[in-house]
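Remarks on the structure that follows.
The values are calculated or read from the model by the stated rules, or taken from the named source; none is laboratory data. Every value quoted in this text rests on a predicted model; they were computed, and no experiment measured them. Reconstructed Cβ throughout: ideal geometry from the backbone, glycine too, with neighbour counts over all protein chains shown.
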Amino acid sequence: MITNTKTVKELVLQNKRLDMRTFTEYRQPIEIETNISWTAEGSAKVTIGKTVVMAGVKLSLEKPYNDTPDEGGIMINAELLPLSSSEYEPGPPGIKAVELARVTDRGIREAKAIDLKALCIEPGEKAWFVTVDIISINDAGNLFDVANLATLAALKAAKFPVVNQETGSIDYKQKTGRSLPLTKEPISVTVYKIKGKLLLDPTMEEEKSAEARLTVSIDKKGTISALQKGGEGTLTIAEVGTIIDLTHEKAEELRVVLERVVVS
Amino acid sequence: MSEILIEERKIVVPGEVLAIGLDYVPGENTYREEDKIFSKVLGLAAVSGRVIKITPLAGPYMPKVGDKIIGRITDIAFSGWRVDTNTAYSAMLNVKDATTRFIKKEEDLSKILAIDDYIIVDIINVTSQRLIDVSMRELGLKKIQGGRIIEINSQKVPRVIGKKASMITLIKEKTGCEITVGQNGLIWILGSPEGEAAAERAIKMIEEKSHLSGLTEQVEAFLRGGR
């Protein structure tokens with residue numbers, strides 16, 4: 001695994017990047033493809049540059065949690081496949097996979113993007129539970145933003161399966177036309193700090209050179225739903241302000257791509 | 001009586017019959033079973049006279065004596081350095097092969113080459129167990145400073161260099177960069193940031209389109225358009 005860390009840092013000081021992008025430019029192409037899997041209730045494959053992530057949504061009927069008897073639930077898991085990078089090994093999820101899942105989960109959960117009350121069928125007895133599985137197909141950097149987009153697109157594309165009213169069993173082979181109660185689309189933008197400069201959409205090499213990062217999840221109205229700071233470095237208050245301004249601007253760009261996803 | 005079943009530059013798969021009869025000779029990446037010649041790999045067929053060989057489309061790099069490669073220092077041993085060669089096998093760089101100058105017994109080896117330094121080396125010995133010895137004593141072999149290192153499929157290295165180094169010379173001239181191609185698929189580019197980025201894109205393009213003909217013209221057009 002080649003990192004070119006020194007060169008990345010030298011170039012950043014000259015306001016340049018290895019691939020000659022500007023600091024706030026996302027890699028192209030940004031593509032979203034939905035319903036790539038017929039076994040999932042909803043699925044999506046998102047590509048940003050060379051990074052590819054897939055997400056799948058499964059729905060099941062469970063007993064609600066005791067403290068929220070009138071709500072369904074959402075659970076997001078991430079798996080970093082060994083084929084997606086030379087750094088990942090098979091086996092139980094490592095710290096990176098857990099963080100990816102939790103950051104994505106928090107962005108959606110805290111924004112109350114899914115109306116969990118609408119998932120309830122019978123209070124205290126039966127409610128829909130949403131499980132999202134994120135897998136990395138190729139990690140060329142910036143998994144956070146790509147995984148968040150993939151999850152949102154998969155949730156958007158998901159349709160409820162048909163439930164047999166007599167037996168109560170789910171027929172996963174038949175889908176109803178009903179979509180999930182997705183009320184908001186909180187988009188995550190991760191900003192990386194290298195040598196005091198703020199960069200967006202880093203490549204793997206830039207991720208390795210970064211001192212700190214901040215993931216900001218933001219909905220259409222501009223409400224921040226979650227923040228996650230990573231890395232050993234520090235961020236000043238002024239920098240956090242700049243990051244949030246950047247996020248507002250860039251989340252709109254990604255939202256345009258996400259809104260192009262047509263759900264029939 | 002003998003029959004050849006493939007055409008020049010046709011894509012063949014492992015186990016594909018290339019020729020029937022004893023008039024043809026199996027070359028690189030092929031084998032004979034009774035009177036048939038089979039392919040061992042996925043690649044492009046090449047027939048020269050009676051010899052049939054396959055140029056693989058992908059596959060790992062196998063260390064060969066005399067090859068120039070780019071390696072990374074992974075460990076400092078008692079009398080030398082362990083070098084990651086971007087293959088399944090690591091190499092050993094002995095102190096006596098590292099410099100021409102005399103190195104005292106108590107000298108700190110990390111002052112000469114530290115862990116994570118990249119170096120350009122020659123392979124001087126490969127044992128049957130594939131233990132590799134490398135040397136830095138030839139001209140142009142040195143520690144890499146500055147610039148960037150990129151990785152390509154090692155099977156595409158001959159295409160990046162081109163016939164009589166025509167391709168690599170073209171890229172060097174058009175981008176004004178100094179480029180060293182290691183046979184193990186690591187390439188070092190040193191120049192202006194813009195030149196480096198253009199050279200990197202050109203090399204990635206060659207890697208992608210290596211099976212097509214007329215590549216030199218395409219690369220030339222690309223480098224002219226990109227500036």
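Figures for the structure shown
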item	result
Region B:137-155, residues that are over 20 Å from A:Asp19 (Cα atoms) and crowded, with 19+ Cβ neighbours inside 10 Å	B:Ser154, B:Gln155
Matching residues in region B:160-217 - criterion: being touching a residue at least 40 places away in the same chain (Cβ under 8 Å), under 26 Å from B:Lys143 (Cβ atoms) and surrounded by fewer than 17 Cβ atoms within 10 Å (Cβ to Cβ)	B:Lys204
Test: residue in region A:154-166 that is under 11 Å from A:Val46 (Cβ atoms) and touching a helix residue (DSSP H, G or I) at 6+ places or on another chain (Cβ under 7 Å)	no
Matching residues in region A:6-52 - criterion: being outside any helix (DSSP H, G or I), basic (Lys, Arg) and either within 12 Å of chain B (Cβ to nearest Cβ) or farther than 23 Å from A:Leu83 by Cβ (or both)	A:Lys16, A:Arg17, A:Arg21, A:Lys50
Selection from region B:112-154 of residues that are among the aliphatic types (A, V, I, L, M) and within 12 Å of chain A (Cβ to nearest Cβ)	B:Ile144, B:Ile149, B:Ile150, B:Ile152
Count of residues meeting criterion [part of a loop (DSSP other than H, G, I, E, B) and at pLDDT 95 or above] in region A:82-112	0
Failed criterion for A:Pro90 (all others in (1) more than 14 Å from chain B (Cβ to nearest Cβ); (2) touching a residue at least 40 places away in the same chain (Cβ under 8 Å); (3) surrounded by fewer than 19 Cβ atoms within 10 Å (Cβ to Cβ) hold)	(2)
Of all residues in region B:41-54 being surrounded by fewer than 16 Cβ atoms within 10 Å (Cβ to Cβ) and either modelled with pLDDT of 90 or more or not small (Gly, Ala, Ser) (or both), the one that is farthest from the chain's Cα centre (by Cα)	B:Arg50
Residues located in region A:159-209, provided they are farther than 18 Å from A:Thr131 by Cα, in contact (Cβ under 8 Å) with a residue 60 or more places away in the chain and among the β-branched types (Val, Ile, Thr)	A:Ile187, A:Val189, A:Ile194, A:Thr203
Count of region A:223-264 residues which are in a loop (DSSP other than H, G, I, E, B), touching a residue at least 24 places away in the same chain (Cβ under 8 Å) and either within 29 Å of A:Ser43 (Cβ to Cβ) or in contact with a Pro (Cβ under 7 Å, 6 or more places away or on another chain) (or both)	4
Boolean, B:Leu141 is assigned to a loop (DSSP other than H, G, I, E, B), of a type outside the set (S, T, N, Q) and touching a residue at least 60 places away in the same chain (Cβ under 8 Å)	yes
Residues of region B:39-86 that turn out to be of a type in the set (Ser, Thr, Tyr) and assigned to a strand (DSSP E or B), as a count	4
Per-region count, region B:181-215, residues in contact with a strand residue (DSSP E or B) (Cβ under 8 Å, 6 or more places away or on another chain) and away from every other protein chain (no Cβ under 14 Å)	3
Extreme residue, modelled with the highest pLDDT, among residues of region B:93-110 that are buried (at least 17 other Cβ atoms within 10 Å of the Cβ) and under 14 Å from B:Asp122 (Cα atoms)	B:Leu93
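So that you can scan it fast, the table gives a plain yes or no per residue for (1) among the β-branched types (Val, Ile, Thr); (2) more than 30 Å from B:Ser210 (Cβ to Cβ):
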site	(1), (2)
B:Arg50	no, no
B:Pro56	no, no
B:Pro60	no, no
B:Lys68	no, no
B:Arg72	no, no
B:Ala77	no, yes
B:Asn86	no, no
B:Ala91	no, no
B:Ile119	yes, no
